Amino acid sequence: MNLSRFGTDTADLLSWLADHGYAMRAWRHGAWERVSGVSPAHRNYLFTAKGPAGR
């Protein structure tokens, strides 16, 4: 997705999501694993709300 048309970039979007309690995950080894950033190895990501324990 070209985020520049929305006045932002990937780093800003990921930072905003993390600041608002979302964890980023990618499908790896048959399961959704938490990842810290975007990688050319993955095209799809899942953003989940952190639970009360901060998971």
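Things worth noting here:
- For the range 5-20, the condition of being assigned to a strand (DSSP E or B) and at pLDDT 90 or above holds for none of the residues.
- Near pairs, Cβ below 7 angstrom, 6+ apart or cross-chain, from the range 25-46 (small (Gly, Ala, Ser)) to any residue that is in a loop (DSSP other than H, G, I, E, B): Ala26/Val35; Ala26/His42
- Screening the candidates Ser36, Ser15, Ser4 for the property of being among the polar types (S, T, N, Q) and open to solvent by 100 Å² or more (accessible area, probe 1.4 Å) yields one hit, Ser36.
- Subset tally (residues that are in contact with a strand residue (DSSP E or B) (Cβ under 8 Å, 6 or more places away or on another chain), more than 23 Å from Asn2 (Cβ to Cβ) and either open to solvent by less than 80 Å² (accessible area, probe 1.4 Å) or modelled with pLDDT of 95 or more (or both)) for the range 39-55: 3
The values are calculated or read from the model by the stated rules, or taken from the named source; none is laboratory data. Nothing here was measured: the structure is a model prediction, and the numbers come from that model. Cβ atoms come from the backbone with ideal geometry, glycine included; neighbour counts cover every protein chain shown. Note: areas computed on protein heavy atoms with side chains; ligands, DNA, RNA excluded. Shrake-Rupley method; radii C 1.70, N 1.55, O 1.52, S 1.80 Å.
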